[in-house]
Amino acid sequence: MATKTISGIDAASVRFKALADPNRLRILAMLKNPACCALDLDKGMCACDIESQLKLSQPTISHHMRILRESGLVEAEKIGPWMWYRRNEKALRELADLINQRV
């Protein structure tokens, strides 16, 4: 699914499944206003900061981030040895628009 493009109702379904976990909702909230070790917050938030703030193990954080990335709600970039994450605001807006149109 990582290379396959999804859209419309199918994308919404995948995204709602990603949002069904409280830790993933917490991660999205943290990424909205990142508090991290970075001086340049445009990069997003480092995985190590997400791990320390949620008090979850690195494998657990990786699992949640994979689901958020595959759903398209989060974008990731490797900078040096670290993974940096930021919200995909366009995807989140599209999901909100879909809710407003269909419900």
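The values are calculated or read from the model by the stated rules, or taken from the named source; none is laboratory data. These figures come from a predicted structure and were not determined experimentally. Please note: Cβ atoms are built from the backbone with ideal geometry, for glycine as well, and neighbour counts cover all protein chains shown.
Figures for the structure shown
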| item | result |
| --- | --- |
| Pairs with Cβ under 9 Å, 6+ apart, first in segment 8-29 and over 15 Å from GLU94 (Cα atoms), second of a type in the set (Lys, Arg) and not in a helix (DSSP H, G or I) | LEU28/ARG87 |
| When residues of segment 75-103 are limited to those that are farther than 17 Å from ASP10 by Cα, under 15 Å from the mean Cα position of the chain (by Cα) and among the aliphatic types (A, V, I, L, M), the one surrounded by the fewest Cβ atoms within 10 Å (Cβ to Cβ) | ALA76 |
| Scan of segment 44-86 for residues that are among the basic types (Lys, Arg) and modelled with pLDDT of 95 or more, ordered by number | ARG66, ARG69 |
| Leading residue by the ranking (farthest from PRO22 (Cα to Cα)) among those in segment 44-101 that are among the acidic types (Asp, Glu) and assigned to a strand (DSSP E or B) | GLU77 |
